[in-house]
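The values are calculated or read from the model by the stated rules, or taken from the named source; none is laboratory data. All figures in this text were calculated on a predicted structure; none of them were measured in a lab. Note that each Cβ is placed from the backbone with ideal geometry, even for glycine, and that neighbours are counted across all protein chains shown. Just the protein is used for accessible areas: all its heavy atoms, side chains included, with ligands, DNA and RNA removed. Shrake-Rupley method; radii C 1.70, N 1.55, O 1.52, S 1.80 Å.
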Amino acid sequence: MTEDDIDAVSAVRVHGWQAAYRGLMPQTYLDAMSVAADAEQRRSWFGRRSPEVSDLVAERDGEVVGWACVGPARDPDIAPGAEELPAPRPTAGELLALYVTPGLIGTGIGRALLSAGTARARTHGFRTLYLWVVRGNTRARRFYERAGFTPDGAEEAYEVGGSNVPELRYRRSLPPDGPGFTGQYT
C-alpha cells in the first residue's frame, strides 16, 4: 500500500464495515461512517506506523479491491511491553484488518490477502498470528477457521455507537517453513 492508495483503502474499509456489520452494530453508526473521515485518520497514522506494520492492497484492473494490515500483537497477555521481552522483536503478530469490496467477497481476494499478510508476518519473525472477529460475524469466523485459525478463549466487547460489540480472539501458529504467498500484491 502506498499513500496514494489511502482513499481507496478507506472506501473498501467503510463499505466493508457497512456490509459485514449490518445487524451486528447500530445502523445509525454504520450509516454515519465517512470515507473522507476514515481517509483523513488513515493518513495521519500512515507515516507514523511501526516498520513491523504492513499494509497490503489487492488490485483488480488497477483498482484497489481489498486491504489487509498485519503488525505486532497488541494484547498485553500475548505481547508484553518491550522492557519485558527476552528478545528485541515480538514473536506474536496480529492481523489488524482484512477487508474486501463487498461485491467481490468469495472471489479469492480475501484468501490472497490473508496469504500475503501471513507471509509478511513470517518475514517480521512472528511465530503466531492473532486476530479479533465480531462474535456474530459468522461468515468471517468460517473464513478464518478454514484458514487454520482457532478461537483461543479470549473475548472482549468494545463500544460502537453506544452498543457493546462482542469480539472473539483467534490464533494460528506460523511455522517459519510454512507455505507462503506466491502472488503479486503490493
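Restricting to segment 148-177, name every residue that is touching a Leu at 6+ places or on another chain (Cβ under 6 Å) and surrounded by fewer than 17 Cβ atoms within 10 Å (Cβ to Cβ). Residues satisfying the conditions are Pro151, Glu155.
Candidates in segment 131-144 are the residues that are more than 22 Å from Arg42 (Cα to Cα) and within 12 Å of the chain's Cα centre (by Cα); of these, the one that is surrounded by the fewest Cβ atoms within 10 Å (Cβ to Cβ) is Ala140.
So which of Thr123, Thr150, Thr118 ends up being farther than 18 Å from Glu167 by Cβ and in contact with a Lys or Arg (Cβ under 9 Å, 6 or more places away or on another chain)?
Values: Thr123 fails: in contact with a Lys or Arg (Cβ under 9 Å, 6 or more places away or on another chain); Thr150 fails: farther than 18 Å from Glu167 by Cβ.
Testing whether each residue is farther than 18 Å from Glu167 by Cβ and in contact with a Lys or Arg (Cβ under 9 Å, 6 or more places away or on another chain) leaves just Thr118.
Screening segment 52-70 for residues that are of a type outside the set (A, V, I, L, M, F, W, C) and in contact with a His (Cβ under 9 Å, 6 or more places away or on another chain) and picking the one that is surrounded by the fewest Cβ atoms within 10 Å (Cβ to Cβ) gives Glu52.
Each residue in segment 1-40 was checked for being within 19 Å of the chain's Cα centre (by Cα) and surrounded by 14 or more Cβ atoms within 10 Å (Cβ to Cβ), and 25 pass.
Can you find even one residue in segment 80-102 that is exposed (fewer than 15 other Cβ atoms within 10 Å of the Cβ) and either β-branched (Val, Ile, Thr) or within 26 Å of Ile6 (Cβ to Cβ) (or both)? For segment 80-102, residues exposed (fewer than 15 other Cβ atoms within 10 Å of the Cβ) and either β-branched (Val, Ile, Thr) or within 26 Å of Ile6 (Cβ to Cβ) (or both): present. Of all the listed residues (Leu131, Leu114), the sole one being at pLDDT 95 or above, under 17 Å from Gly71 (Cβ atoms), of a type outside the set (Ser, Thr, Tyr) and touching an Asp or Glu at 6+ places or on another chain (Cβ under 7 Å) is Leu131. Contact map, segment 53-78: residues that are in contact (Cβ under 8 Å) with a residue 12 or more places away in the chain and more than 18 Å from Trp17 (Cα to Cα) paired with residues that are open to solvent by less than 20 Å² (accessible area, probe 1.4 Å) and of a type in the set (Val, Ile, Thr), Cβ distance under 6 Å, separation 6+ or inter-chain. Pairs shown: Ser54/Val70.
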